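What follows is a single structure, written as structure tokens, with notes after it.
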Amino acid sequence: MANYLFYLESYVFLFRNDSDFLIYNTLNSAHIEVSHICEITWLLNFLNDPVNGYSMFLQEKDILNPYVKQLVKDVKTSFSGDCVLFEEGKNKPFIFKPILFLNNDILRKNSNDRDYDGDKVLKNLDEITLFLPTQCNLDCSHCGKYHKQFLHCYRQNGETLSREEYEKLFDDIYFSGVSKINLVGDQSALEYANDLLGLELNIHIHIPYKKCDDVFMRNALELGINLIINIHSEDMDTMISEFISKYRDPKIEYQFIISDKEDLRKINALLNMSSINSSILPFYTGENISFFEECVYTNLEDIFSEPIDRKTIFRRQVLNENFFGKLYIDAKGDAYSNMNEQPIGNIKDKKLKELVYMEIKSESPIWLKTRDQTTCSQCLYRYLCPSLSNYELAIGKPNLCHVCDLEVKSMGSAHY
């Protein structure tokens, strides 16, 4: 009796939960979903075991099974694998199932590696944000809330770091190997940027549009600083149009903060008349959940709109790609791994490597917060979805999606 070799390619992931299987092709986003009640779960359970080499022998009677026949057809047409005649007596090839292997394990909480616990820990730090001391007379409607969802200035009370303490911090930043630094504040951010220019850092200044006068803009552009200008709904008028037309430098990004569909209409009117480097930042006010459900929540079409590569899937299995490697330091010197969390220390008495160490070794580091640790843990698509973001933290709901609301989860995929 003829033997057939059925196999999946090494760039194809096989996910499973308590009830279903999902075959996902990282090259073309093709996907096949199989319910646990289907007659072919025995086949997928075999493939799912890494020791079996992502392949198995099938006999003619197996191929004639209508469920197996359909699965083989779907796998072949999606370029996710194949089923071929196999000469008897030959050894079965071993195909490595895509499994994450951590050589430099950031998850080891009981490490005795003193090198890792020392300077090596700084390799996990990529980006630092400084919320600078400011003199603000603006009356933003949600001041004190924006910065918990995206980079935005806010009023800070009390004693702030001295220039000497900032200089000490800049020295620490220089030796840390950090590549990017965000300065969040007002026009005075240029003074701090001047101090950092010799450190070969990628410097970004985040500033409200209303703080951007001509002197500031001219000086920032002369220094070659990257500017991210926050524009609120009330700023979207004729004057902002004139400002944008005047300053169209590639180092300037305009970020439009929106909270409803009317804001979207305003932005469309602005962007139709001017081609600029821009992005849109939805803002959760506490009262606009319907806007988020309609315009921000993820659905299956979003998940499968573009192929997701192996590295991204591996990364989402072990760390939070939105939070990992980022430290935030306020004007008092308090350091945060996330602005929705409590401070992990203060730079007056802690080096950057100590702060990073404290975050990674903490009981529940937000840097390592994955969807496995939420109600998404049994979702087939949890590694295809982006990591949790500040929006989930602000809204208090870990799954900002419509996927879990669907009775039939397949969107154009084969479904058994």
Worksheet item: Ignoring ligands, DNA and RNA, what percent of the 1.4 Å accessible area of the chain is carbon and sulfur?
Response: 48
Worksheet, complete the sentence: Counting as exposed only GluC sites (Glu not before Pro) in DSSP loop states with no more than 13 other Cβ atoms inside 10 Å, the longest exposed-site-free span of the chain is 201-286
Discussion item. Taking 8 Å as the Cα distance limit and 6 or more residues as the minimum spacing, I'd like the relative contact order of the chain as a percentage.
Written reply: 18
Worksheet item: Taking K and R as +1 and D and E as -1, what net charge do the other residues with C-beta under 14 Å from the C-beta of Asp349 add up to?
Response: +2
Worksheet item: For His204, what is the net charge nearby, where nearby means another residue's Cβ is under 11 Å from its Cβ and Lys, Arg count +1, Asp, Glu -1?
Response: 0
Item to complete: Can you send over the solvent-accessible area of Asp49, 1.4 Å probe, protein chains only, in Å² to the nearest 10?
Response: 60
Worksheet item: Assigning unit charges at the beta carbon (Lys, Arg +1; Asp, Glu -1) and nothing else, what dipole magnitude in debye, to the nearest 20, does the chain show about its Cα centre?
Response: 760
Item to complete: Using a 1.4 Å probe and ignoring any ligands, DNA or RNA, find the accessible area of Tyr7 and quote it in Å² to the nearest 10.
Response: 50
Item to complete: For the chain, build the charge dipole from Cβ charges (+1 Lys, Arg; -1 Asp, Glu) around the Cα centre, then report which of Asn219, Leu281, Thr134 sits farthest towards its positive end.
Response: Leu281
Response to the item:
Taking Cα atoms, the helix 163-176 axis meets the longest principal axis of the chain at an angle in degrees (rounded to 10) of 30
Discussion item. Helix 66-77 against the longest principal axis of the chain: what's the angle in degrees, Cα atoms only, rounded to the nearest 10?
Written reply: 50
Worksheet item: Any idea what the alpha-carbon Rg over 2.2 N^0.38 Å comes to for region 203-343?
Response: 1.25
Item to complete: Determine the per residue accessible area of the chain with all protein chains present and a 1.4 angstrom probe, expressed in square angstrom.
Response: 50
Worksheet item: Just the projected area, averaged over all directions, of the convex hull on the alpha carbon atoms of the chain: how many nm²?
Response: 24.5
Worksheet item: Among Lys61/Lys97; Lys251/Lys348; Lys148/Lys261; Lys180/Lys211; Lys123/Lys148, which pairs are too far apart, with a Cα-Cα distance over 31 Å?
Response: Lys251/Lys348
Worksheet item: Which one of Asn25, Asn226, Asn288 has the biggest mean-square fluctuation once the chain is modelled by GNM with Cα springs under 10 Å?
Response: Asn288
Worksheet entry | Most to least accessible of Arg371, Arg310 (protein chains only, probe 1.4 Å) | Arg310, Arg371
Practice prompt. For region 1-59, calculate the relative contact order in percent as a whole number, restricting contacts to Cα pairs under 8 Å that are 6 or more residues apart.
Written response: 39
Item to complete: Quick one: net charge around Gly224, please, counting Lys, Arg +1 and Asp, Glu -1 for every other residue with C-beta under 13 Å from its C-beta.
Response: -1
Discussion item. What is the distance in Å between the Cα centroid of region 242-317 and that of region 62-100?
Written reply: 41
Worksheet, complete the sentence: Here FRET efficiency (C-beta to C-beta, Glu306 to Val84, R₀ 30 Å, nearest 0.05) is 0.50
Practice prompt. For Gly345, list long-range residues whose amide hydrogen, built 1.01 Å from N in the peptide plane, is under 5 Å from its own amide hydrogen.
Written response: Ala335
Discussion item. Spelling out what I want: for every residue of region 179-185, take phi, set θ = phi - 60°, compute 6.51 cos²θ - 1.76 cosθ + 1.60 (Karplus), and round to whole Hz; glycine and proline get x.
Written reply: 9, 9, 9, 9, 10, 10, x
Worksheet item: Can you give the extra length, in nm with one decimal, that the chain gains between Phe175 and Lys145 once fully stretched, where that is 0.36 nm per residue apart less the Cα-Cα distance?
Response: 7.5 nm
Discussion item. For a quick check of understanding: with a 1.4 angstrom probe and all protein chains in place, what accessible area in square angstrom does Lys69 have, to the nearest ten?
Written reply: 130
Worksheet entry | Gained length - Glu127 relative to His36, 0.36 nm times residue gap less alpha-carbon distance | 28.4 nm
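The values are calculated or read from the model by the stated rules, or taken from the named source; none is laboratory data. None of these values were measured; they are calculated from a predicted model. Neighbour counts are summed over all protein chains in view; Cβ atoms, including those assigned to glycine, are modelled from backbone coordinates with ideal geometry. The protein model used for the area step is the full one, side chains on, heavy atoms only, and it has no ligands, DNA or RNA in it. Shrake-Rupley method; radii C 1.70, N 1.55, O 1.52, S 1.80 Å.
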